[in-house]
Number of protein chains: 4
Amino acid sequence: MSSTSAGDRLRVAVIGFGYWGPHLARNFMDSAGAELQLIADHNQQRRAAARAMYPSVDTVEDEREVLASSVQAVAIATPLASHYELARAALEAGLHVLVEKPLAANSTQCAELVALARTQRLTLMVDHTFLYTSAVQKIREYIEDGVLGSVLYFDCVRANLGRFRRDCNVVWDLAPHDISIFNYVIGKQPRWVSATGATHHAAEENLVYVCLGFEDQLLAHFHLNWLAPVKVRRITIGGTRRMLVYDETEAREKIKLYDHEVTTSKLDRQRGSTLEVQCRAGACAAPELDGSEALRRVVDGFVHAALTGTSPLSDGAAGADVVRLLEAIQRSLRDSGARVLL
Amino acid sequence: MSSTSAGDRLRVAVIGFGYWGPHLARNFMDSAGAELQLIADHNQQRRAAARAMYPSVDTVEDEREVLASSVQAVAIATPLASHYELARAALEAGLHVLVEKPLAANSTQCAELVALARTQRLTLMVDHTFLYTSAVQKIREYIEDGVLGSVLYFDCVRANLGRFRRDCNVVWDLAPHDISIFNYVIGKQPRWVSATGATHHAAEENLVYVCLGFEDQLLAHFHLNWLAPVKVRRITIGGTRRMLVYDETEAREKIKLYDHEVTTSKLDRQRGSTLEVQCRAGACAAPELDGSEALRRVVDGFVHAALTGTSPLSDGAAGADVVRLLEAIQRSLRDSGARVLL
Amino acid sequence: MSSTSAGDRLRVAVIGFGYWGPHLARNFMDSAGAELQLIADHNQQRRAAARAMYPSVDTVEDEREVLASSVQAVAIATPLASHYELARAALEAGLHVLVEKPLAANSTQCAELVALARTQRLTLMVDHTFLYTSAVQKIREYIEDGVLGSVLYFDCVRANLGRFRRDCNVVWDLAPHDISIFNYVIGKQPRWVSATGATHHAAEENLVYVCLGFEDQLLAHFHLNWLAPVKVRRITIGGTRRMLVYDETEAREKIKLYDHEVTTSKLDRQRGSTLEVQCRAGACAAPELDGSEALRRVVDGFVHAALTGTSPLSDGAAGADVVRLLEAIQRSLRDSGARVLL
Amino acid sequence: MSSTSAGDRLRVAVIGFGYWGPHLARNFMDSAGAELQLIADHNQQRRAAARAMYPSVDTVEDEREVLASSVQAVAIATPLASHYELARAALEAGLHVLVEKPLAANSTQCAELVALARTQRLTLMVDHTFLYTSAVQKIREYIEDGVLGSVLYFDCVRANLGRFRRDCNVVWDLAPHDISIFNYVIGKQPRWVSATGATHHAAEENLVYVCLGFEDQLLAHFHLNWLAPVKVRRITIGGTRRMLVYDETEAREKIKLYDHEVTTSKLDRQRGSTLEVQCRAGACAAPELDGSEALRRVVDGFVHAALTGTSPLSDGAAGADVVRLLEAIQRSLRDSGARVLL
């Protein structure tokens, strides 16, 4: 018997035990507020693996058994194409839903799920894990407190070797991270999106460059790559007062804040511009960050929202915003990189 | 008296003693085949600095004095806008010409200089320094020998804090490096160019993203940035057989060759793609590289070409190719990132 | 029910559920050949944590209940002082024993345990985890194959911020790693040991420098530090043919092999030495390494040895060798760094 | 003609144009307060190289010609064995002297030179270049201001591949840097020295580990290595309030200041220590540093001291302190690492 009684705990099922499901299961096992009761997967070996890891948890093949069970909530970690069907069925069955990002395959599905959750008074949350890292929390704090001044650009590189997904291209796999982070820390709406990609080994793009245009010369750029020699997870933010690098692969010092000085002076000269820009490299600081696992905070946040009826950080609406942008990127990709106005 | 007699040495003048001129002067001083006789600059302090460094070298204010002097060759390290006038006057005066990159401000000027050098039977060379590094020589060798297989993408990041130039934007300042390297190691003609930028402090773009499209899904991308918190000089090349990272900021191991394995297998499954792509991270190797200064090889190459009448590695034609692409990038920038066909 | 029947699996108990116990437990849970039945710890909260993690596993307060149970093997992850008592009792009770390093608090205890295991025909294994990493396996392979030539020096830095242990000083905590690796990959007996340390916060040394002297100018040095600003886990091995750096903190490229060239030529000159040594930095290579968890191989190795009666890689004798050296280091520390002959 | 008249400038000769001489010559050429008039070297090729670089400077074979010339000061960059003779002759001839580190081959010679400079009222300065870096200046500032609290340890690693010197072993080549830095930033007198080394290719030690013992558990350690696969120039300083890493090979962020927290609490427990030490990794900061060349400040400092008669930062006395410690290290090396009391 576990140390806390099950009475006050959220009974949870995890649907999909492939790549991400086991991480969710482990965190639900460790979460004091939750009780993992069920793991569903079509694949026999995966179910066997789940049983070996968690002998106390039942496994089922058909997700419909989950809906019929006594669980109060489901965490959906299946291929993108099935998110909508599973989430809708779960919400209709009165279950709280945590969905792997992205929320669904298109905006119409997202809107439907958001509306359904509202009418059912259930928690619909998307697992935008990075929003729950102390690094992203710190970046948002910096920007809100004006530490960076006004943001001039937001440059992301999210590259690694594989894992080539079969259910979506690199944009739908990796861009949700950068988009959700951007929306959370900066929260401005782009005026246009432009994307160019290449398809080398898979059936869909494995390398894509995305530009997002905003007012006042703010520019965001994502480099998304499944075919990179080394893993890169770097976000660089340039501001009028300071610049910042967030390198997720760093064990420590994930965030570096650069106190560079850029001064502009008018010049009176015959040729060339009349603007003289002087840069001085300044000091650098890496804030202390809480190293605990972000997914644990996702799970705890979901459990808390479901038990209290409060809204989670990455709710359905936030997930829908991300999908809207993914669609625009996809349109630009299909349209040879033409700007898609938003 | 110097150790070798001046008889067999190329008498050289350096025009422009601002940022790059002193580097050229130092290398001409050290080059056994050259004799630096004259340094020209409009600025009195710069001339004083030149005299302090090289008491044996005369300094003049007006570059016309250079043409009237006994020098046989000039190295032009002045702002871009003056390249054409100075180079043309020098060629007409019968002098060999080494020009700072880019060769000139537009293709018409480039074509004229190339033709003039040909009719005058003089050496016209552009200082695309990087082509003379042992790193770029090695990369070309890898590609020619098929070590990388066929190239899938070419990704460059050239970012640093300043120096903001007043005579051109970040494209004309930094892109010549990446374009000349690309042309030299891969040598394919892009079918289209697309560029998006932002102007934050200066009068012209200080941050620009460039995409170059080729046949067969080959994609090249340049991230050009004058406003970055840390200096980045990285070129990543993905090939079908191997991948490569060239990090110019590394003291040693500037090139890393990754022996990753990417295998594709057909799958027969109901949903998702029918392609299964498996990646395995393999061994990594950093070749031994000659650490000697590339600019020294530029200068020696120029001296050799001038003295022997042979064609240098980065001749006028190569310089003109670079300018053609710079113009196309500029057009796309002005045209909101629309693809410019070539 | 788990996928394989329990009949052919080793029934295991983990004693001690503090820092390392949970790692052992997790790996025994995942090991197909083992069945974790019991976890023992004096601490009530730790037992509760164990139950929460592994509801299927029983927990007991008193280790004597383990001896009375039906388990066939125990993994001991308790403070050093209790290793001997627990291991002896387990062996006497006919149980196979895996002990956390170091094997015991002194050589007499080690000898007794080794002898007892032999007479009882039971497996006695020490958890020198690093020997089971693919990196250390590769280093041993390099040395055996003569890739490094003959080894000239072996330099280890094992530094981090905390964890200050209360049951031993930094030598007994960290040096077992470096000693066991050295013994495994080089296997030479030092002729003397010398150690100097400082005690800053704890009751015992938290910073110690150790020198080991061998024949033929081979020198080994360990820098052991609990009070370092950054985590360092680096072993540098200099050989006559090549040099090697093993940086355990690297996500990839943990091993770098340097193909440097050192040539010696006799000189005939009036003053200074008559030996001219020329060094040329050569290429560098990082071999592909299997990234799977070493502790899993420790656990599987223990299970295999126990089930088959074969001898494990890090058996009691290897563990005793390590303790012998730890004692010598300790003597030198107490004797103001005087060399202790072995 | 140079921009400032020669009247008020110090007329300087550089003796020895091997490895370091050219660096000194370049900086004297660039120094407004100095006029490099003479370069002396026994080697004909080196003199030719000097003339090629600085046609305006005379070269001589015999250093006695320097003493007979009109120069007011000499910079001595010859092998260690000749420092004393050359410096003494120069001082006796009434010339100010800048000597390459170490000042001389033994303490007696140092004392004699210091006394001679005093009686002659001439500047005697040792080129301990590192003291003039902004990094070391900053470290001294940190320690003086109590930013680190009281210093607990000082750990240096100064390792690289070659250059094997023929005129001294690795201690006399590299340790002067670490000793002079230690003396400058901490300034405590060690109570004992212990050193162990190995001689692999050369006639003298190319790998040496040095321990310096102080009161109050302060420990200093130098790892000196001519046979390392990668260049390391790292000084780690642990203090009661903060820790610091000075990595000279970093292009930027050479100094990192770690705000770690170490708390000690008494415990009442049966076994183990009664001290509970808790460490918490804190924020990290890299101060802004002036990147200008340190040797330039050495040269300017020497010129200033000579022209004004003031005492330079690294005067003869400081140089003598370093040699005293080098001798003690050498004694310990010869005496099998036995502690040499000071």
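The values are calculated or read from the model by the stated rules, or taken from the named source; none is laboratory data. Please read these numbers as outputs of a predicted model, since none were measured by experiment. Cβ: placed from backbone, ideal geometry, glycine included. Neighbour counts: every protein chain shown. The accessibility values were calculated without ligands, DNA or RNA, using every heavy atom of the protein model including side chains. Shrake-Rupley method; radii C 1.70, N 1.55, O 1.52, S 1.80 Å.
A compact table of results
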read-out	value
Single unsatisfied condition, C:Gly18 versus (1) out of contact with any Lys or Arg (no Cβ under 9 Å at 6 or more places or on another chain); (2) outside any helix (DSSP H, G or I)	(1)
Only one of A:Asp155, A:Asp173 that is touching a residue at least 40 places away in the same chain (Cβ under 8 Å), part of a helix (DSSP H, G or I) and closer than 29 Å to B:Val210 by Cα	A:Asp173
Test: B:Ala281 is touching a Phe, Trp or Tyr at 6+ places or on another chain (Cβ under 8 Å), within 14 Å of chain A (Cβ to nearest Cβ) and not β-branched (Val, Ile, Thr)	yes
Set B:Glu100, B:Glu85, B:Glu92: member being outside the structural domain of B:Arg163 (by TED's automatic domain parsing), within 21 Å of the chain's Cα centre (by Cα) and open to solvent by 60 Å² or more (accessible area, probe 1.4 Å)	B:Glu85
Subset of the stretch D:190-203 (residues that are more than 7 Å from chain C (Cβ to nearest Cβ) and either open to solvent by less than 10 Å² (accessible area, probe 1.4 Å) or not in a strand (DSSP E or B) (or both))	D:Pro190, D:Arg191, D:Val193, D:Ala195
Candidates B:Arg252, B:Arg242 - the one that is modelled with pLDDT under 95 and not assigned by TED's automatic domain parsing to the domain that holds B:Ala115	B:Arg252
Residues within the stretch A:299-342 that are on the phi > 0 side of the Ramachandran plot and buried (at least 18 other Cβ atoms within 10 Å of the Cβ), tallied	1
Every residue from the stretch A:176-189 that is in a helix (DSSP H, G or I) and touching a strand residue (DSSP E or B) at 6+ places or on another chain (Cβ under 9 Å)	A:Pro176, A:His177, A:Asp178, A:Ile179, A:Ser180, A:Ile181, A:Phe182, A:Val185
In the stretch C:103-118, residue most open to solvent (accessible area, probe 1.4 Å) [restricted to those that are over 16 Å from the mean Cα position of the chain (by Cα) and not polar (S, T, N, Q)]	C:Arg118
Selection status of C:Gly213, at pLDDT below 95 and open to solvent by less than 10 Å² (accessible area, probe 1.4 Å)	no
Test result for A:Leu124, surrounded by fewer than 21 Cβ atoms within 10 Å (Cβ to Cβ), touching an Asp or Glu at 6+ places or on another chain (Cβ under 9 Å) and not charged (D, E, K, R)	no
Counted residues, the stretch A:24-64 - those being open to solvent by less than 20 Å² (accessible area, probe 1.4 Å), within 18 Å of A:Val99 (Cα to Cα) and away from chain C (no Cβ under 11 Å)	9
Flag for B:Asp62 being more than 20 Å from B:Leu124 (Cβ to Cβ) and free of Cβ contacts under 8 Å to residues at least 60 places away in the same chain	yes
Checking D:Ala52 against (1) under 27 Å from the mean Cα position of the chain (by Cα); (2) more than 18 Å from D:Ala93 (Cα to Cα), the condition it does not meet	(1)
Any hit, the stretch D:100-107, residues being free of Cβ contacts under 8 Å to residues at least 24 places away in the same chain and more than 23 Å from D:Leu307 (Cα to Cα)	no
Qualifying positions in the stretch A:216-231 - surrounded by fewer than 20 Cβ atoms within 10 Å (Cβ to Cβ) and at the interface with another protein chain (Cβ under 8 Å from one of its Cβ atoms)	A:Gln217, A:Val230, A:Lys231
Residue among A:Val185, A:Val262 that alone is at pLDDT below 95, farther than 22 Å from B:Ser336 by Cα and either of a type in the set (Gly, Ala, Ser) or buried (at least 19 other Cβ atoms within 10 Å of the Cβ) (or both)	A:Val262
Among the candidates C:Glu141, C:Glu100, residue that is touching a Gly at 6+ places or on another chain (Cβ under 8 Å) and among the charged types (D, E, K, R)	C:Glu100
Residue satisfying all of: in the stretch C:204-215; more than 9 Å from chain D (Cβ to nearest Cβ) and in a loop (DSSP other than H, G, I, E, B); nearest to the chain's Cα centre (by Cα) among these	C:Glu205
Meets criteria (at pLDDT below 95, closer than 30 Å to D:Val114 by Cβ and more than 9 Å from chain C (Cβ to nearest Cβ)) for D:Leu333	no
